1. Where in region 124-148 is the amide nitrogen less than 17 Å from a point lying 7 Å along the Cα-to-Cβ axis of residue 71?
2. For region 38-148, state the semi-axes of the equivalent ellipsoid (square roots of 5 times the eigenvalues of the alpha-carbon gyration tensor), sorted largest first and rounded to whole angstrom.
3. Please find the FRET efficiency linking residue 162 to residue 111, where r is the Cβ-Cβ separation and R0 is fixed at 25 Å, and quote it to the nearest 0.05.
4. R0 = 51 Å: FRET efficiency of residue 171 with residue 29, Cβ-based, nearest 0.05?
5. Do me a favour and compute the ellipsoid semi-axes for region 8-71 from its Cα gyration tensor, root of five times each eigenvalue, largest one first, whole Å.
6. If you take every DSSP beta bridge whose two residues both sit in the chain, what share of them, in percent to the nearest 5, is antiparallel?
7. Determine the shape class of the chain: with a ≥ b ≥ c the square roots of the Cα gyration tensor eigenvalues, call it rounded for a/c under 1.5, and otherwise prolate if a/b is greater than b/c, oblate otherwise.
Ligand code: SIN
């Protein structure tokens with residue numbers, strides 16, 4: 001197995017692994033180590049069935065079932081189908097915005113997702129990339145004054161975030177949930193490293209801070225963390241299987257699909273731990 005670093009801030013390719021076959025203990029340990037070091041891993045040329053994708057998830061932990069039923073895979077509860085199409089199979093403006101904007105997955109739960117796996121079923125001929133940003137690095141390089149303002153603070157999170165448009169389209173059962181709190185600076189349970197955990201899509205406020213002040217502070221954090229030097233871009237090829245660590249990264253779809261072609265992925269989450 002070879003690990004090839006693709007991006008300076010994060011993202012590496014794992015070569016020499018066939019994910020349709022079980023990995024032995026040494027290979028699993030090497031993959032896990034690379035995952036913790038590079039935060040995002042891509043395995044190329046993998047022809048995976050839904051069951052293979054779930055088996056891949058199990059290298060890293062227990063699959064976590066997504067809160068919303070709307071996108072659930074018809075046969076495998078562990079997976080959702082991430083698509084830009086509506087139920088009639090047409091590329092749709094609202095569905096095309098899914099995944100746009102920096103976020104980490106399931107941060108609106110008490111136990112956010114440890115990781116996310118994405119495996120394409122259809123990709124556009126142009127565009128449709130996914131961006132990643134390293135939140136360890138963003139925090140490590142953050143100016144001291146900004147860091148001082150966020151030390152010890154806790155963010156509040158909600159599925160659908162602040163967007164009224166998204167809120168209105170959610171199932172009431174998903175929408176009307178109490179806000180969830182997590183530290184703005186969160187310690188990674190495996191590496192012990194600190195990173196920024198709030199994000200522009202799902203964080204709605206800061207505990208004990210008036211709303212307008214919280215929005216200003218969050219915007220300042222996002223302006224810092226959203227800088228290009230913390231980012232890497234993944235251009236999709238069929239056969240790619242990606243896994244990213246939600247505990248120390250942000251990701252965002254780019255929405256750059258100029259030909260408005262179909263984009264469809266199998267997507268699974270891996271459960272984190274309460275900490
Ligand atoms: C996601 O937000 O989980 C997916 C990102 C993408 O569609 O590129």
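1. 124, 128-132
2. 27, 19, 16
3. Calculated value: 0.65.
4. The calculated FRET efficiency here is 0.80.
5. 21, 16, 12
6. Here the antiparallel bridges make up roughly 90 percent for the chain.
7. oblate
Each value in this text was obtained by applying a stated rule to the coordinates, not by laboratory testing. These numbers were taken from a predicted model, which means no experiment stands behind them. Note that each Cβ is placed from the backbone with ideal geometry, even for glycine, and that neighbours are counted across all protein chains shown.
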